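Structure, as structure tokens:
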Amino acid sequence: MPWKDVTIVSQRYEFVRLYLDGTSSMTTLCRRFGVARKTAYKWVARYRAGGAEALMDQSRRPSTSPHQTPPDLAAQVLALAEEHPTWGGKKLHFALRDDGMDPLPAPSTITKILRRAGRLRDVPVAPRQYCRFERAVPNELWQMDFKGWHAMRAGKVHPLSVLDDHSRYLLVLHATEDQDRAAIQPVLTACFRTYGLPWELLADNGPPWGTSEPHARTGLDIWLMQLGITPIHGRPLHPQTQGKIERFHRTLKADVFAGRTFVDLAEAQHAFDAFRQVYNDRRPHESVPDHQPPGRVYDLSPRAFPDTIPEPDYADDAQVRRVAHQGTISYQRRRIRIGAGFAGMRVGVYPTDVDGLIRIQFYATTLKEVNLHDLAPT
């Protein structure tokens, strides 16, 4: 008869007793008790070594686990996870690597440690971005945007972010009270004085840097062009153009705003400054080589912010025109619209290799190309 769970120890004892008494052979006992010979010999050996207690079920868990993370290393992992609760196994792995942890647990091992400790969060997986671009060196392109607004106990805060496209270095994270040019330009000026000038600055079409009018330029655009920075605007209703800063704002929301309401702008800025230091100098970034923090990749721009706005210096083959107060210039008896924001400023008109086609430039930025054949003489 087969052994039942409720009488398993007594059945084992009875089997061993009958066998050791010598009254029955191993073959006979195995057939009657429904036990394999290998199992039967195991119970006999256990009984001889430890008596009846040795016939009880024993844990299948090995007495040693050479691959288990030592308790002190697991404690270090959990301590860092406590400090940065939004980081997963991969980010914790590279941060611990930078701290010199030895031996260093694999990201999958760290994930298991977090799971056992109940530290894993259900994070929605973002759709994979297949069409990605990245500038070759720092300061070729910066991305700039507001992260909407968040209510405080007193008013609202509008987080302004400026991010280097190549290194993902967070140049600006400022708690602004409004989203107008008067609030932004002093912040950008301070940034330019510290880090130098980028070659291009990408933003969306929202105010104060964008406009819904096709090909129109805002006052902030014009100021950037005077500094030798080319302003770029993404396609309307196409936030993927600013994908890097959009992704950054998800991190900002999770690490700074989740479950918090700031008292005022000063408290918000204090939290922004603390987050920015961790983001730049501590947090491993998957898009940075070898998962380094952005601060290890970013370098200052060699283009210093000027004390005064320089006058435009156009090439010898340009014909210089001053924009009238209504935003137009006159060229070869044609009236060409430039934009009211350029009133009183000088632009350069350059010929091209195409008959009748001219290029209009403001400082180093090409504003437009115009075919004179399409315009009626005035």
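Quick notes on this one:
- Shown in residue order for region 168-181 are the 3J(HN,Hα) couplings computed by the Karplus curve 6.51 cos²θ - 1.76 cosθ + 1.60 at θ = phi - 60°: 6, 5, 8, 6, 9, 9, 10, 8, 9, 8, 8, 10, 9, 4 Hz (x for Gly and Pro).
- Relative contact order for region 141-296: 25 percent, from Cα pairs under 8 Å spaced at least 6 residues apart, divided by residue count.
- Couplings 3J(HN,Hα) of region 48-57, computed from phi: 4, 7, x, x, 4, 4, 6, 7, 6, 4 Hz, in residue order, whole Hz [Karplus 6.51 cos²θ - 1.76 cosθ + 1.60, θ = phi - 60°; x for Gly and Pro].
- The residue among 223, 148, 327 whose Cα reaches farthest toward the positive pole of the charge dipole of the chain, with charges on the beta-carbon of Lys, Arg, Asp and Glu, is 148.
- Angle between the chain longest axis and helix 265-281 axis [Cα atoms, degrees, rounded to 10]: 70 degrees
- Estimated FRET transfer efficiency when R0 is 35 angstrom, pair residue 343-residue 156 (beta carbons, to 0.05): 0.55
- Contact order normalised by residue count of the chain, Cα under 8 Å, 6+ apart, percent: 11 percent
- The chain: proportion of alpha-carbon pairs further apart than 33 angstrom, %: 54 percent
- Dipole size of the chain about its Cα centre, with +1 on Lys/Arg Cβ and -1 on Asp/Glu Cβ: approximately 2340 debye, rounded to the nearest 20.
- Between residue 309 and residue 86, the simple label model (points 7 Å from Cα in the Cβ direction) yields a spacing of 3.7 nm.
- Estimated [θ] at 222 nm from DSSP helical runs (n ≥ 4, -39500 (n - 2.57)) normalised by residues in the chain, nearest 500: -9500 deg cm²/dmol
- Ellipsoid semi-axes for region 71-116, based on the Cα gyration tensor and the rule √(5λ), read 13, 11, 10 Å when sorted largest first.
- Summarised as an ellipsoid, region 5-55 has semi-axes of 15, 13, 10 Å, derived from the eigenvalues of the Cα gyration tensor scaled by 5 and square-rooted, with the largest first.
- Here the Karplus relation 6.51 cos²θ - 1.76 cosθ + 1.60, evaluated at θ = phi - 60°, turns the backbone of region 329-334 into coupling constants of 10, 10, 8, 6, 6, 10 Hz, with x for every Gly and Pro.
- Assigned charges on the beta-carbon of Lys, Arg, Asp, Glu; region 319-374 dipole about Cα centre (debye): 320 debye
- Degrees, to the nearest 10: 8-21 long Cα axis against longest axis of the chain: 40 degrees
- Taken about its Cα centre, region 71-116 carries a charge dipole of roughly 340 debye when the Cβ of each Lys and Arg holds +1 and the Cβ of each Asp and Glu holds -1.
- Looking at region 310-350, the trypsin sites (Lys or Arg not before Pro) that sit in a DSSP loop and have at most 13 other Cβ atoms within 10 Å of their own Cβ are 333.
- For the chain, the longest principal axis of the Cα atoms and the long axis of helix 243-252 meet at an angle of about 60 degrees.
- Extending 7 Å from Cα along the Cβ direction at residue 232 and again at residue 31 yields two label points whose distance is 8.7 nm.
- Summarising the amide proton neighbourhood of residue 368: residues at separation of 5 or more, or on other chains, whose placed amide H is nearer than 5 Å comprise 360.
- Over 31 Å (Cα to Cα) - which of 90/244; 156/368; 91/147; 38/112; 90/147 fall in this group: 156/368; 38/112
- Directionally averaged projected area (region 141-296, Cα convex hull): 9.2 nm².
Throughout, read-outs are computed from the coordinates displayed, never taken from laboratory work. The structure presented is a predicted model; accordingly, all values stated were derived computationally and were not measured. Cβ atoms come from the backbone with ideal geometry, glycine included; neighbour counts cover every protein chain shown.
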